[in-house]
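Derivation of every value follows stated rules applied to the coordinates shown; laboratory data play no part. All values reported here derive from a predicted model rather than from experimental measurement. Neighbour counts are summed over all protein chains in view; Cβ atoms, including those assigned to glycine, are modelled from backbone coordinates with ideal geometry.
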Amino acid sequence: MPCASERCATAMTVDAVDRQILAILRRNGRASVSEIARAVSLSPAPVSRRIDRLEKTGVIRGYAALIDDHDSGTLEAFTEIRLAGGTETGELGDIVKDIPEVREFFTIAGDPDALVHLRVDDVDHLQRVVNALRRTGKLTGTKTLIVMHTWQRDPDR
């Protein structure tokens, strides 16, 4: 069971070997313990214990497949959000947690107040999601940017 508090993960010491293991798992979440052990010059048992510890403390939050959204027929967008004067960013965070199309939520310094990363089926679906956000009464404005192409840096750099 992962650690419930942020303090648990940050209080744990992540050493150089842990960082090597994490780099391997970022590149290939399906790498076997024996492959990782060879790469970090340890036997499989201590590597397995390290991975278990990193999972239990919440440093490793999960594993995911990387999907090409263009080829899978979905659309990605970012919506900038400007909050109404009396709205706390935490309130918006609670709202977006219940919207399945929201992939990530960021509070940011400056204007706008927040940024929401969305994944939807098409432009009509995007409009329905953005309109649902607007209907909360917590926003004064939105600006949506549709992702045309993506590129991601190798996680080891």
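Data table
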quantity	calculated
As computed over segment 80-157, the Cα convex hull volume per residue (Å³)	120
Segment Asn131-Val147, extension gain: residue separation times 0.36 nm, minus the distance between their alpha carbons	3.9 nm
Estimated vicinal HN-Hα couplings, Hz - segment 116-126 in sequence order (Karplus 6.51, -1.76, 1.60; Gly, Pro = x)	10, 9, 10, 10, 9, 6, 6, 5, 4, 4, 4
Folded to 0 to 90 degrees: helix 16-27 orientation relative to the chain principal axis, Cα	60
Against the rule of thumb 2.2 N^0.38 Å, how large the Cα Rg of the chain comes out	1.29
Arg19 paired with Ala109, simple spin-label distance in nm, labels 7 Å along Cα-to-beta-carbon	2.4
Farthest positive-ward along the chain dipole, Cα basis, beta-carbon charges - from Trp151, Val40, Ile108	Val40
Förster radius 30 Å - calculated FRET efficiency between Arg53 and Thr89 (Cβ-Cβ, nearest 0.05)	0.40
Histogram of C-alpha separations across segment 55-94, 5 Å bin width, %	5, 13, 12, 11, 15, 20, 16, 7, 0
Cα centroid separation, segment 101-147 to segment 37-61 (Å)	37
Length added when fully stretched, Ala31-Asp98, from 0.36 nm per residue minus Cα-Cα	20.9 nm
Degrees, to the nearest 10: 44-56 long Cα axis against longest axis of the chain	30
